[in-house]
Ligand SMILES: Cc1cc2nc3c(=O)[nH]c(=O)nc-3n(C[C@H](O)[C@H](O)[C@H](O)COP(=O)(O)OP(=O)(O)OC[C@H]3O[C@@H](n4cnc5c(N)ncnc54)[C@H](O)[C@@H]3O)c2cc1C
(Lines give C-alpha, C1' and ligand atoms only; values in the text may rest on other atoms or scores of the structure.)
Protein backbone atom coordinates (compact mmCIF):
# COMPACT_ATOMS: atom_id res chain seq x y z
CA UNK A 1 0.00 0.00 0.00
CA UNK A 2 2.82 2.30 1.01
CA UNK A 3 4.68 1.43 -2.21
CA UNK A 4 1.63 2.21 -4.36
CA UNK A 5 1.17 5.53 -2.52
CA UNK A 6 4.83 6.49 -3.11
CA UNK A 7 4.69 5.52 -6.76
CA UNK A 8 1.46 7.49 -7.24
CA UNK A 9 2.99 10.57 -5.58
CA UNK A 10 6.11 10.28 -7.72
CA UNK A 11 4.10 9.90 -10.93
CA UNK A 12 2.00 12.91 -9.94
CA UNK A 13 5.21 14.97 -9.50
CA UNK A 14 6.48 13.79 -12.86
CA UNK A 15 3.16 14.27 -14.67
CA UNK A 16 4.45 17.18 -16.77
CA UNK A 17 7.31 15.08 -18.14
CA UNK A 18 5.13 12.00 -18.57
CA UNK A 19 2.57 14.07 -20.48
CA UNK A 20 5.35 15.60 -22.60
CA UNK A 21 6.66 12.11 -23.45
CA UNK A 22 3.12 10.91 -24.19
CA UNK A 23 2.59 13.85 -26.55
CA UNK A 24 5.98 13.45 -28.19
CA UNK A 25 5.91 9.70 -28.80
CA UNK A 26 2.19 8.84 -28.99
CA UNK A 27 0.16 11.86 -30.09
CA UNK A 28 2.69 13.73 -32.24
CA UNK A 29 4.69 10.79 -33.51
CA UNK A 30 3.46 10.20 -37.05
CA UNK A 31 3.76 6.62 -38.28
CA UNK A 32 2.36 7.17 -41.77
CA UNK A 33 2.66 10.73 -43.11
CA UNK A 34 -0.27 11.77 -45.23
CA UNK A 35 -0.38 11.66 -49.01
CA UNK A 36 -2.30 14.43 -50.73
CA UNK A 37 -5.97 13.89 -49.94
CA UNK A 38 -5.40 11.65 -46.87
CA UNK A 39 -4.47 12.30 -43.21
CA UNK A 40 -1.45 11.63 -41.02
CA UNK A 41 -1.63 8.49 -38.90
CA UNK A 42 0.08 9.06 -35.56
CA UNK A 43 0.92 6.32 -33.06
CA UNK A 44 -2.10 7.44 -31.00
CA UNK A 45 -4.38 7.29 -34.04
CA UNK A 46 -3.00 3.87 -35.05
CA UNK A 47 -3.82 2.61 -31.55
CA UNK A 48 -7.34 4.07 -31.79
CA UNK A 49 -7.86 2.41 -35.20
CA UNK A 50 -6.53 -0.93 -33.87
CA UNK A 51 -8.86 -0.65 -30.88
CA UNK A 52 -11.80 0.09 -33.18
CA UNK A 53 -11.07 -2.81 -35.53
CA UNK A 54 -10.12 -5.17 -32.68
CA UNK A 55 -13.25 -4.48 -30.62
CA UNK A 56 -15.44 -5.03 -33.69
CA UNK A 57 -13.74 -8.38 -34.39
CA UNK A 58 -14.02 -9.50 -30.75
CA UNK A 59 -17.67 -8.47 -30.38
CA UNK A 60 -18.64 -10.10 -33.69
CA UNK A 61 -17.04 -13.43 -32.73
CA UNK A 62 -17.79 -13.91 -28.99
CA UNK A 63 -20.26 -16.76 -28.52
CA UNK A 64 -20.93 -17.12 -32.25
CA UNK A 65 -21.03 -20.70 -33.52
CA UNK A 66 -23.07 -20.59 -36.70
CA UNK A 67 -23.42 -18.37 -39.75
CA UNK A 68 -26.98 -17.23 -38.91
CA UNK A 69 -25.83 -15.89 -35.56
CA UNK A 70 -22.76 -14.28 -37.17
CA UNK A 71 -24.93 -12.58 -39.78
CA UNK A 72 -27.28 -11.20 -37.08
CA UNK A 73 -24.35 -10.02 -34.93
CA UNK A 74 -22.69 -8.27 -37.89
CA UNK A 75 -25.91 -6.46 -38.79
CA UNK A 76 -26.22 -5.17 -35.21
CA UNK A 77 -22.60 -4.02 -35.14
CA UNK A 78 -23.01 -2.29 -38.51
CA UNK A 79 -26.00 -0.39 -37.11
CA UNK A 80 -24.01 0.68 -34.04
CA UNK A 81 -21.14 1.88 -36.24
CA UNK A 82 -23.62 3.76 -38.43
CA UNK A 83 -24.38 6.17 -35.56
CA UNK A 84 -20.99 8.01 -35.60
CA UNK A 85 -20.46 7.23 -39.29
CA UNK A 86 -23.50 9.15 -40.50
CA UNK A 87 -22.43 12.31 -38.68
CA UNK A 88 -20.43 12.95 -41.84
CA UNK A 89 -16.78 13.47 -42.72
CA UNK A 90 -17.01 17.26 -43.03
CA UNK A 91 -17.10 19.70 -40.11
CA UNK A 92 -20.13 18.86 -38.04
CA UNK A 93 -21.86 19.86 -34.85
CA UNK A 94 -21.53 16.56 -32.98
CA UNK A 95 -18.04 15.33 -33.77
CA UNK A 96 -16.18 18.64 -34.02
CA UNK A 97 -18.06 21.15 -31.89
CA UNK A 98 -19.41 18.93 -29.12
CA UNK A 99 -16.93 16.02 -28.92
CA UNK A 100 -13.99 18.30 -29.81
CA UNK A 101 -12.51 15.94 -32.43
CA UNK A 102 -10.36 17.76 -34.96
CA UNK A 103 -11.46 17.76 -38.59
CA UNK A 104 -8.49 15.57 -39.62
CA UNK A 105 -8.92 13.04 -36.78
CA UNK A 106 -12.64 12.72 -37.38
CA UNK A 107 -11.88 12.30 -41.12
CA UNK A 108 -9.62 9.31 -40.36
CA UNK A 109 -12.14 7.75 -37.97
CA UNK A 110 -14.93 8.33 -40.48
CA UNK A 111 -13.01 6.48 -43.18
CA UNK A 112 -12.23 3.53 -40.87
CA UNK A 113 -15.78 3.37 -39.53
CA UNK A 114 -16.94 3.39 -43.16
CA UNK A 115 -14.63 0.49 -44.08
CA UNK A 116 -15.80 -1.54 -41.08
CA UNK A 117 -19.44 -0.72 -41.84
CA UNK A 118 -19.07 -1.87 -45.46
CA UNK A 119 -17.31 -5.14 -44.52
CA UNK A 120 -19.93 -5.93 -41.87
CA UNK A 121 -22.90 -5.04 -44.08
CA UNK A 122 -21.63 -6.96 -47.14
CA UNK A 123 -20.71 -10.04 -45.04
CA UNK A 124 -24.13 -9.89 -43.37
CA UNK A 125 -25.82 -9.75 -46.79
CA UNK A 126 -23.73 -12.61 -48.23
CA UNK A 127 -24.28 -14.85 -45.19
CA UNK A 128 -28.02 -14.22 -45.32
CA UNK A 129 -28.07 -15.04 -49.04
CA UNK A 130 -25.98 -18.19 -48.48
CA UNK A 131 -28.46 -19.34 -45.83
CA UNK A 132 -31.39 -18.85 -48.23
CA UNK A 133 -29.90 -20.70 -51.27
CA UNK A 134 -28.39 -17.52 -52.74
CA UNK A 135 -31.70 -15.81 -53.27
CA UNK A 136 -31.54 -11.99 -53.03
CA UNK A 137 -34.53 -9.70 -52.59
CA UNK A 138 -34.69 -6.50 -54.68
CA UNK A 139 -34.05 -4.47 -51.50
CA UNK A 140 -30.88 -6.44 -50.70
CA UNK A 141 -29.55 -6.02 -54.24
CA UNK A 142 -30.23 -2.25 -54.12
CA UNK A 143 -28.49 -1.95 -50.75
CA UNK A 144 -25.46 -3.83 -52.07
CA UNK A 145 -25.29 -1.71 -55.23
CA UNK A 146 -25.45 1.56 -53.23
CA UNK A 147 -22.76 0.30 -50.83
CA UNK A 148 -20.47 -0.74 -53.69
CA UNK A 149 -20.99 2.62 -55.43
CA UNK A 150 -20.02 4.43 -52.21
CA UNK A 151 -16.85 2.33 -52.00
CA UNK A 152 -15.93 2.90 -55.65
CA UNK A 153 -16.48 6.66 -55.53
CA UNK A 154 -14.43 6.96 -52.32
CA UNK A 155 -11.13 5.65 -53.64
CA UNK A 156 -8.23 8.06 -53.23
CA UNK A 157 -7.83 8.70 -56.97
CA UNK A 158 -11.44 9.92 -57.28
CA UNK A 159 -11.18 11.95 -54.05
CA UNK A 160 -8.07 13.69 -55.31
CA UNK A 161 -9.12 14.33 -58.88
CA UNK A 162 -12.86 14.97 -58.54
CA UNK A 163 -13.21 16.08 -54.91
CA UNK A 164 -16.43 18.04 -55.40
CA UNK A 165 -18.05 15.22 -57.36
CA UNK A 166 -17.00 12.75 -54.66
CA UNK A 167 -18.34 15.01 -51.87
CA UNK A 168 -21.77 15.53 -53.39
CA UNK A 169 -22.27 11.94 -54.60
CA UNK A 170 -21.09 10.65 -51.23
CA UNK A 171 -23.70 12.68 -49.31
CA UNK A 172 -26.44 11.69 -51.72
CA UNK A 173 -25.54 7.99 -51.64
CA UNK A 174 -25.21 8.00 -47.82
CA UNK A 175 -28.65 9.58 -47.51
CA UNK A 176 -30.12 6.97 -49.93
CA UNK A 177 -28.48 4.17 -47.95
CA UNK A 178 -29.95 5.43 -44.68
CA UNK A 179 -33.42 5.50 -46.26
CA UNK A 180 -32.93 1.99 -47.73
CA UNK A 181 -31.82 0.58 -44.37
CA UNK A 182 -35.00 1.99 -42.82
CA UNK A 183 -37.00 -0.06 -45.36
CA UNK A 184 -34.76 -3.08 -44.81
CA UNK A 185 -35.13 -3.46 -41.01
CA UNK A 186 -38.10 -4.76 -39.05
CA UNK A 187 -39.73 -1.76 -37.36
CA UNK A 188 -40.84 -1.87 -33.71
CA UNK A 189 -39.22 -1.54 -30.31
CA UNK A 190 -36.07 -3.39 -31.29
CA UNK A 191 -32.31 -2.79 -31.39
CA UNK A 192 -32.22 -1.88 -35.09
CA UNK A 193 -34.96 0.75 -34.77
CA UNK A 194 -33.25 2.37 -31.75
CA UNK A 195 -29.91 2.57 -33.59
CA UNK A 196 -31.42 3.93 -36.79
CA UNK A 197 -33.57 6.45 -34.90
CA UNK A 198 -30.45 7.71 -33.10
CA UNK A 199 -28.54 7.94 -36.39
CA UNK A 200 -31.38 9.77 -38.10
CA UNK A 201 -31.99 12.14 -35.18
CA UNK A 202 -28.32 13.13 -34.94
CA UNK A 203 -28.11 13.55 -38.70
CA UNK A 204 -31.28 15.66 -38.90
CA UNK A 205 -30.20 17.84 -35.94
CA UNK A 206 -26.85 18.42 -37.61
CA UNK A 207 -28.59 19.30 -40.90
CA UNK A 208 -31.01 21.76 -39.22
CA UNK A 209 -28.14 23.40 -37.33
CA UNK A 210 -26.10 23.72 -40.52
CA UNK A 211 -29.00 25.03 -42.64
CA UNK A 212 -30.05 27.49 -39.90
CA UNK A 213 -26.51 28.85 -39.58
CA UNK A 214 -26.17 29.14 -43.37
CA UNK A 215 -29.46 31.03 -43.60
CA UNK A 216 -28.56 33.34 -40.71
CA UNK A 217 -25.15 34.20 -42.13
CA UNK A 218 -26.32 34.88 -45.68
CA UNK A 219 -29.84 36.28 -45.55
CA UNK A 220 -30.89 39.64 -44.10
CA UNK A 221 -28.48 41.29 -41.71
CA UNK A 222 -28.21 44.89 -40.67
CA UNK A 223 -26.26 45.80 -43.77
CA UNK A 224 -28.01 45.93 -47.09
CA UNK A 225 -26.15 44.16 -49.86
CA UNK A 226 -24.41 40.97 -50.64
CA UNK A 227 -21.18 39.62 -49.25
CA UNK A 228 -18.55 40.81 -51.68
CA UNK A 229 -15.35 39.26 -52.85
CA UNK A 230 -12.47 41.33 -54.20
CA UNK A 231 -9.09 39.96 -55.23
CA UNK A 232 -6.84 42.53 -53.57
CA UNK A 233 -3.38 41.18 -54.22
CA UNK A 234 -1.56 38.68 -56.31
CA UNK A 235 1.97 37.56 -55.74
CA UNK A 236 4.03 38.95 -58.60
CA UNK A 237 4.89 36.59 -61.42
CA UNK A 238 3.25 33.34 -60.61
CA UNK A 239 -0.11 34.58 -59.24
CA UNK A 240 -0.21 31.43 -57.18
CA UNK A 241 -1.71 33.12 -54.18
CA UNK A 242 -4.68 35.44 -54.01
CA UNK A 243 -6.02 37.50 -51.19
CA UNK A 244 -9.78 37.80 -51.01
CA UNK A 245 -11.64 40.26 -48.88
CA UNK A 246 -15.19 39.38 -47.93
CA UNK A 247 -17.67 41.81 -46.39
CA UNK A 248 -19.91 39.94 -44.02
CA UNK A 249 -23.64 40.49 -43.85
CA UNK A 250 -23.62 39.41 -40.24
CA UNK A 251 -20.39 40.34 -38.50
CA UNK A 252 -19.04 37.78 -36.09
CA UNK A 253 -16.43 37.56 -33.36
CA UNK A 254 -13.40 36.23 -35.20
CA UNK A 255 -11.01 33.90 -33.38
CA UNK A 256 -7.74 32.51 -34.67
CA UNK A 257 -8.06 29.04 -36.16
CA UNK A 258 -11.53 29.70 -37.59
CA UNK A 259 -12.35 28.69 -41.12
CA UNK A 260 -15.36 29.05 -43.37
CA UNK A 261 -16.64 27.34 -46.50
CA UNK A 262 -17.11 29.79 -49.34
CA UNK A 263 -19.29 29.47 -52.42
CA UNK A 264 -19.34 31.89 -55.33
CA UNK A 265 -22.38 31.14 -57.49
CA UNK A 266 -21.30 33.45 -60.33
CA UNK A 267 -17.70 32.26 -60.59
CA UNK A 268 -16.65 31.98 -64.27
CA UNK A 269 -16.30 28.61 -66.04
CA UNK A 270 -17.25 26.46 -63.03
CA UNK A 271 -19.76 23.66 -63.35
CA UNK A 272 -22.43 23.65 -60.61
CA UNK A 273 -20.74 26.63 -58.90
CA UNK A 274 -23.67 27.04 -56.48
CA UNK A 275 -23.09 23.53 -55.16
CA UNK A 276 -19.35 23.97 -54.62
CA UNK A 277 -18.15 25.12 -51.21
CA UNK A 278 -14.47 25.25 -50.29
CA UNK A 279 -12.96 25.67 -46.83
CA UNK A 280 -10.49 28.50 -46.17
CA UNK A 281 -8.93 29.72 -42.95
CA UNK A 282 -9.60 33.28 -41.89
CA UNK A 283 -6.24 34.91 -42.47
CA UNK A 284 -7.19 38.37 -41.21
CA UNK A 285 -10.24 40.25 -39.94
CA UNK A 286 -11.11 43.90 -39.47
CA UNK A 287 -10.88 45.17 -35.91
CA UNK A 288 -14.01 46.89 -34.65
CA UNK A 289 -14.76 48.44 -31.24
CA UNK A 290 -17.64 45.92 -30.86
CA UNK A 291 -15.17 43.04 -31.48
CA UNK A 292 -17.46 41.85 -34.29
CA UNK A 293 -15.55 41.84 -37.58
CA UNK A 294 -17.33 43.14 -40.67
CA UNK A 295 -14.59 42.21 -43.14
CA UNK A 296 -12.54 39.04 -43.26
CA UNK A 297 -9.66 38.12 -45.55
CA UNK A 298 -8.84 34.72 -46.99
CA UNK A 299 -5.54 33.88 -48.68
CA UNK A 300 -6.12 31.33 -51.38
CA UNK A 301 -3.60 29.18 -53.19
CA UNK A 302 -4.45 28.64 -56.85
CA UNK A 303 -5.14 24.96 -57.55
CA UNK A 304 -6.95 23.36 -60.48
CA UNK A 305 -10.63 23.78 -59.78
CA UNK A 306 -12.55 26.46 -57.89
CA UNK A 307 -9.41 28.36 -56.82
CA UNK A 308 -8.16 28.44 -60.41
CA UNK A 309 -11.44 30.04 -61.51
CA UNK A 310 -11.01 32.62 -58.74
CA UNK A 311 -8.06 34.05 -60.63
CA UNK A 312 -10.51 35.23 -63.27
CA UNK A 313 -12.64 37.16 -60.77
CA UNK A 314 -11.69 40.74 -61.44
CA UNK A 315 -14.79 42.43 -60.06
CA UNK A 316 -16.73 41.97 -56.80
CA UNK A 317 -19.03 38.95 -56.72
CA UNK A 318 -21.58 37.76 -54.25
CA UNK A 319 -20.37 34.99 -52.01
CA UNK A 320 -22.11 32.53 -49.69
CA UNK A 321 -20.29 32.03 -46.40
CA UNK A 322 -20.81 28.81 -44.45
CA UNK A 323 -19.22 29.12 -41.05
CA UNK A 324 -17.36 30.05 -39.02
CA UNK A 325 -16.07 26.69 -37.86
CA UNK A 326 -13.45 26.40 -35.19
CA UNK A 327 -10.36 24.52 -34.39
CA UNK A 328 -9.59 26.13 -31.10
CA UNK A 329 -5.84 26.17 -30.49
CA UNK A 330 -5.35 27.42 -26.94
CA UNK A 331 -2.07 29.34 -26.84
CA UNK A 332 -2.86 31.75 -24.00
CA UNK A 333 -1.07 29.74 -21.33
CA UNK A 334 2.33 29.50 -22.99
CA UNK A 335 5.27 31.77 -22.24
CA UNK A 336 6.90 31.24 -25.64
CA UNK A 337 5.05 30.54 -28.85
CA UNK A 338 6.78 29.62 -32.09
CA UNK A 339 4.80 29.65 -35.35
CA UNK A 340 6.15 27.62 -38.26
CA UNK A 341 4.77 27.70 -41.80
CA UNK A 342 5.72 27.31 -45.39
CA UNK A 343 4.07 29.16 -48.28
CA UNK A 344 0.36 29.72 -47.78
CA UNK A 345 0.53 28.09 -44.32
CA UNK A 346 1.09 31.61 -42.94
CA UNK A 347 -2.72 32.02 -43.01
CA UNK A 348 -2.99 29.84 -39.93
CA UNK A 349 -0.80 32.15 -37.83
CA UNK A 350 -1.55 35.82 -38.52
CA UNK A 351 -4.67 36.08 -36.34
CA UNK A 352 -3.11 33.95 -33.60
CA UNK A 353 -0.10 36.29 -33.43
CA UNK A 354 -2.43 39.30 -33.34
CA UNK A 355 -4.39 37.72 -30.52
CA UNK A 356 -1.22 37.07 -28.50
CA UNK A 357 0.12 40.59 -29.06
CA UNK A 358 -3.19 42.10 -27.91
CA UNK A 359 -3.29 39.70 -24.97
CA UNK A 360 0.26 40.60 -24.01
CA UNK A 361 -0.66 44.30 -23.89
CA UNK A 362 -3.87 43.61 -21.93
CA UNK A 363 -2.05 41.12 -19.66
CA UNK A 364 -4.57 38.38 -20.50
CA UNK A 365 -2.07 35.90 -22.01
CA UNK A 366 1.27 34.62 -20.77
CA UNK A 367 3.23 34.99 -24.03
CA UNK A 368 6.53 36.83 -23.56
CA UNK A 369 8.23 35.65 -26.71
CA UNK A 370 6.56 35.16 -30.10
CA UNK A 371 8.53 33.97 -33.11
CA UNK A 372 7.49 33.23 -36.67
CA UNK A 373 9.48 30.99 -38.98
CA UNK A 374 8.22 31.24 -42.56
CA UNK A 375 9.72 29.27 -45.45
CA UNK A 376 9.24 30.63 -48.93
CA UNK A 377 10.52 29.95 -52.39
CA UNK A 378 10.26 33.44 -53.92
CA UNK A 379 10.58 36.96 -52.58
CA UNK A 380 7.28 37.96 -54.21
CA UNK A 381 5.42 35.58 -51.94
CA UNK A 382 6.17 37.86 -48.99
CA UNK A 383 3.79 40.41 -50.51
CA UNK A 384 0.80 38.30 -49.70
CA UNK A 385 1.27 38.77 -45.97
CA UNK A 386 3.47 41.85 -45.88
CA UNK A 387 0.78 44.35 -44.92
CA UNK A 388 -0.36 42.05 -42.08
CA UNK A 389 3.19 41.49 -40.83
CA UNK A 390 3.71 45.27 -40.82
CA UNK A 391 0.52 45.72 -38.82
CA UNK A 392 1.58 43.02 -36.37
CA UNK A 393 4.95 44.68 -35.89
CA UNK A 394 3.13 47.98 -35.31
CA UNK A 395 1.29 46.34 -32.40
CA UNK A 396 4.48 44.90 -30.93
CA UNK A 397 5.22 47.81 -28.63
CA UNK A 398 7.30 45.72 -26.22
CA UNK A 399 9.43 44.02 -28.87
CA UNK A 400 8.48 40.43 -28.18
CA UNK A 401 7.78 39.40 -31.79
CA UNK A 402 10.47 38.26 -34.26
CA UNK A 403 10.13 37.03 -37.84
CA UNK A 404 12.59 34.78 -39.62
CA UNK A 405 11.98 34.13 -43.31
CA UNK A 406 13.98 31.31 -44.91
CA UNK A 407 14.66 30.96 -48.60
CA UNK A 408 16.53 28.42 -50.64
CA UNK A 409 19.94 29.68 -51.73
CA UNK A 410 20.26 32.47 -54.29
CA UNK A 411 17.08 34.34 -53.53
CA UNK A 412 18.74 36.72 -51.05
CA UNK A 413 21.29 39.24 -52.20
CA UNK A 414 23.95 41.10 -50.15
CA UNK A 415 22.48 43.47 -47.57
CA UNK A 416 19.05 41.97 -48.04
CA UNK A 417 18.93 39.94 -44.86
CA UNK A 418 17.14 42.48 -42.70
CA UNK A 419 14.21 44.65 -43.54
CA UNK A 420 14.42 48.36 -42.82
CA UNK A 421 10.66 48.82 -43.03
CA UNK A 422 9.77 45.92 -40.75
CA UNK A 423 12.01 45.86 -37.67
CA UNK A 424 12.89 42.46 -36.22
CA UNK A 425 12.32 40.75 -39.57
CA UNK A 426 15.30 38.67 -40.67
CA UNK A 427 15.87 36.74 -43.85
CA UNK A 428 18.28 33.93 -44.40
CA UNK A 429 19.32 31.50 -47.09
CA UNK A 430 21.47 29.42 -44.75
CA UNK A 431 20.04 25.91 -44.37
CA UNK A 432 18.35 25.75 -40.99
CA UNK A 433 18.93 22.98 -38.48
CA UNK A 434 15.48 22.75 -36.90
CA UNK A 435 16.67 20.84 -33.82
CA UNK A 436 19.17 23.59 -33.06
CA UNK A 437 16.59 26.26 -33.81
CA UNK A 438 13.95 24.77 -31.48
CA UNK A 439 16.49 24.34 -28.70
CA UNK A 440 17.64 27.94 -29.08
CA UNK A 441 14.09 29.26 -29.06
CA UNK A 442 13.21 27.12 -26.07
CA UNK A 443 16.17 28.28 -24.00
CA UNK A 444 15.74 31.96 -24.91
CA UNK A 445 13.25 32.57 -22.06
CA UNK A 446 12.06 30.67 -19.02
CA UNK A 447 8.66 29.00 -19.09
CA UNK A 448 6.70 26.60 -21.25
CA UNK A 449 6.58 26.68 -25.03
CA UNK A 450 4.13 25.86 -27.82
CA UNK A 451 4.81 25.33 -31.49
CA UNK A 452 1.98 25.98 -33.93
CA UNK A 453 2.56 24.43 -37.33
CA UNK A 454 0.92 24.74 -40.73
CA UNK A 455 3.01 23.18 -43.46
CA UNK A 456 3.36 20.53 -46.11
CA UNK A 457 3.73 16.85 -45.03
CA UNK A 458 7.49 16.96 -45.63
CA UNK A 459 7.96 20.02 -43.42
CA UNK A 460 5.69 18.51 -40.74
CA UNK A 461 7.83 15.39 -40.73
CA UNK A 462 11.04 17.42 -40.30
CA UNK A 463 9.49 19.44 -37.47
CA UNK A 464 8.23 16.36 -35.61
CA UNK A 465 11.58 14.61 -35.97
CA UNK A 466 13.48 17.68 -34.78
CA UNK A 467 11.13 18.06 -31.80
CA UNK A 468 11.75 14.46 -30.79
CA UNK A 469 15.50 14.94 -31.02
CA UNK A 470 15.58 18.34 -29.33
CA UNK A 471 14.42 16.92 -25.99
CA UNK A 472 12.66 20.15 -25.04
CA UNK A 473 9.16 20.22 -23.61
CA UNK A 474 7.42 21.87 -26.55
CA UNK A 475 3.71 21.32 -27.15
CA UNK A 476 2.94 20.90 -30.84
CA UNK A 477 -0.30 22.10 -32.43
CA UNK A 478 -1.13 21.57 -36.08
CA UNK A 479 -3.63 23.55 -38.10
CA UNK A 480 -6.96 22.26 -39.47
CA UNK A 481 -5.56 23.19 -42.89
CA UNK A 482 -3.44 20.22 -43.96
CA UNK A 483 -1.38 21.52 -46.85
CA UNK A 484 -0.70 19.28 -49.81
CA UNK A 485 2.78 18.52 -51.12
CA UNK A 486 3.45 19.90 -54.59
CA UNK A 487 6.24 19.38 -57.07
CA UNK A 488 8.39 22.17 -55.59
CA UNK A 489 7.68 21.94 -51.88
CA UNK A 490 9.54 18.68 -51.20
CA UNK A 491 12.69 19.90 -52.92
CA UNK A 492 12.36 23.29 -51.25
CA UNK A 493 12.03 21.86 -47.73
CA UNK A 494 15.07 19.71 -48.41
CA UNK A 495 17.08 22.82 -49.37
CA UNK A 496 15.93 24.95 -46.43
CA UNK A 497 15.91 22.36 -43.66
CA UNK A 498 19.09 20.50 -42.80
CA UNK A 499 19.45 18.24 -39.82
CA UNK A 500 22.47 18.12 -37.52
CA UNK A 501 24.30 21.17 -38.80
CA UNK A 502 25.27 24.13 -36.73
CA UNK A 503 23.20 26.95 -38.16
CA UNK A 504 24.26 30.55 -38.22
CA UNK A 505 20.94 32.17 -38.92
CA UNK A 506 20.19 35.58 -37.41
CA UNK A 507 18.10 35.13 -34.27
CA UNK A 508 16.97 37.71 -31.81
CA UNK A 509 17.85 36.05 -28.52
C1 LIG B 1 -9.96 23.49 -42.77
C2 LIG B 1 -9.30 23.86 -44.06
C3 LIG B 1 -8.78 25.12 -44.23
C4 LIG B 1 -8.16 25.48 -45.43
N5 LIG B 1 -7.64 26.73 -45.56
C6 LIG B 1 -7.03 27.09 -46.71
C7 LIG B 1 -6.49 28.40 -46.87
O8 LIG B 1 -6.55 29.25 -46.00
N9 LIG B 1 -5.89 28.70 -48.06
C10 LIG B 1 -5.80 27.79 -49.07
O11 LIG B 1 -5.25 28.12 -50.13
N12 LIG B 1 -6.32 26.55 -48.96
C13 LIG B 1 -6.94 26.18 -47.80
N14 LIG B 1 -7.47 24.92 -47.69
C15 LIG B 1 -7.40 24.00 -48.83
C16 LIG B 1 -8.50 24.39 -49.82
O17 LIG B 1 -9.77 24.16 -49.25
C18 LIG B 1 -8.39 23.56 -51.10
O19 LIG B 1 -7.11 23.81 -51.65
C20 LIG B 1 -9.44 24.00 -52.08
O21 LIG B 1 -10.71 23.58 -51.65
C22 LIG B 1 -9.10 23.41 -53.42
O23 LIG B 1 -10.15 23.68 -54.30
P24 LIG B 1 -9.93 23.58 -55.90
O25 LIG B 1 -11.25 23.20 -56.49
O26 LIG B 1 -9.34 24.81 -56.41
O27 LIG B 1 -8.83 22.47 -56.02
P28 LIG B 1 -8.70 21.13 -56.85
O29 LIG B 1 -7.48 21.29 -57.67
O30 LIG B 1 -9.98 20.76 -57.52
O31 LIG B 1 -8.43 20.09 -55.68
C32 LIG B 1 -7.19 20.03 -55.06
C33 LIG B 1 -7.33 19.32 -53.73
O34 LIG B 1 -8.02 20.18 -52.82
C35 LIG B 1 -8.86 19.40 -51.97
N36 LIG B 1 -10.22 19.94 -52.06
C37 LIG B 1 -10.89 20.26 -53.19
N38 LIG B 1 -12.12 20.70 -52.90
C39 LIG B 1 -12.22 20.64 -51.55
C40 LIG B 1 -13.27 20.93 -50.62
N41 LIG B 1 -14.45 21.38 -51.02
N42 LIG B 1 -13.03 20.72 -49.31
C43 LIG B 1 -11.84 20.28 -48.87
N44 LIG B 1 -10.82 19.99 -49.69
C45 LIG B 1 -11.01 20.16 -51.01
C46 LIG B 1 -8.79 17.96 -52.44
O47 LIG B 1 -7.90 17.25 -51.57
C48 LIG B 1 -8.18 18.03 -53.80
O49 LIG B 1 -7.35 16.94 -54.04
C50 LIG B 1 -8.08 24.54 -46.49
C51 LIG B 1 -8.61 23.26 -46.31
C52 LIG B 1 -9.21 22.92 -45.12
C53 LIG B 1 -9.77 21.53 -44.96
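Can you pull out the residues in segment 322-339 that are surrounded by 24 or more Cβ atoms within 10 Å (Cβ to Cβ) and either within 16 Å of residue 297 (Cα to Cα) or within 16 Å of the ligand (Cβ to nearest atom) (or both)?
Of everything in segment 322-339, just one residue is surrounded by 24 or more Cβ atoms within 10 Å (Cβ to Cβ) and either within 16 Å of residue 297 (Cα to Cα) or within 16 Å of the ligand (Cβ to nearest atom) (or both), namely 339.
Being surrounded by 15 or more Cβ atoms within 10 Å (Cβ to Cβ), at pLDDT below 85 and not assigned by TED's automatic domain parsing to the domain that holds residue 281 is true for just one of 419, 396. Which residue is that?
419
Starting from residues that are within 11 Å of the ligand (Cβ to nearest atom) and part of a strand (DSSP E or B), keep the ones in segment 251-270 and report whichever is farthest from the chain's Cα centre (by Cα).
The qualifying residue farthest from the chain's Cα centre (by Cα) is 263.
Might you check whether a residue that is surrounded by 14 or more Cβ atoms within 10 Å (Cβ to Cβ) and without any contact (Cβ under 8 Å) to a residue 40 or more places away in the chain occurs anywhere in segment 30-41?
no
Among the listed residues 136, 157, 166, which satisfies the condition of being surrounded by 14 or more Cβ atoms within 10 Å (Cβ to Cβ), within 16 Å of the ligand (Cβ to nearest atom) and either farther than 26 Å from residue 273 by Cα or outside the structural domain of residue 272 (by TED's automatic domain parsing) (or both)?
Just one listed residue meets the conditions, 166.
Considering every residue within segment 233-255, establish whether at least one is modelled with pLDDT of 90 or more and within 30 Å of residue 85 (Cβ to Cβ).
Looking through segment 233-255, at least one residue is modelled with pLDDT of 90 or more and within 30 Å of residue 85 (Cβ to Cβ).
Of the conditions (1) within 26 Å of residue 485 (Cα to Cα); (2) in contact with a helix residue (DSSP H, G or I) (Cβ under 6 Å, 6 or more places away or on another chain); (3) not assigned by TED's automatic domain parsing to the domain that holds residue 380, residue 279 fails just one. Which one is it?
Here residue 279 clears every test but (2).
Consider segment 306-321. How many of its residues are near the ligand (Cβ under 8 Å from one of its atoms) and under 20 Å from the mean Cα position of the chain (by Cα)?
Summing the residues that are near the ligand (Cβ under 8 Å from one of its atoms) and under 20 Å from the mean Cα position of the chain (by Cα) in segment 306-321 gives 2.
Anything in segment 292-305 that is within 25 Å of residue 97 (Cα to Cα) and more than 7 Å from the ligand (Cβ to nearest atom)? List them, or say none.
Correct list: 292, 293, 294, 295, 296, 297.
In segment 271-291, how many are assigned to a loop (DSSP other than H, G, I, E, B), surrounded by fewer than 19 Cβ atoms within 10 Å (Cβ to Cβ) and within 13 Å of the ligand (Cβ to nearest atom)?
Qualifying residue count, segment 271-291: 2.
Can you name the residue in segment 98-109 that is part of a helix (DSSP H, G or I) and within 14 Å of the ligand (Cβ to nearest atom) and, of all such residues, is nearest to residue 258 (Cα to Cα)?
So, considering only residues that are part of a helix (DSSP H, G or I) and within 14 Å of the ligand (Cβ to nearest atom), the one nearest to residue 258 (Cα to Cα) is 103.
Go over the candidates 354, 391 one by one and state the one that is surrounded by fewer than 21 Cβ atoms within 10 Å (Cβ to Cβ), at pLDDT 95 or above and assigned to a helix (DSSP H, G or I).
354
The values are calculated or read from the model by the stated rules, or taken from the named source; none is laboratory data. No experiment lies behind these values; they were computed from the predicted model shown. FYI the Cβ positions are ideal-geometry reconstructions off the backbone, even for glycines, and counts take in every protein chain you see.
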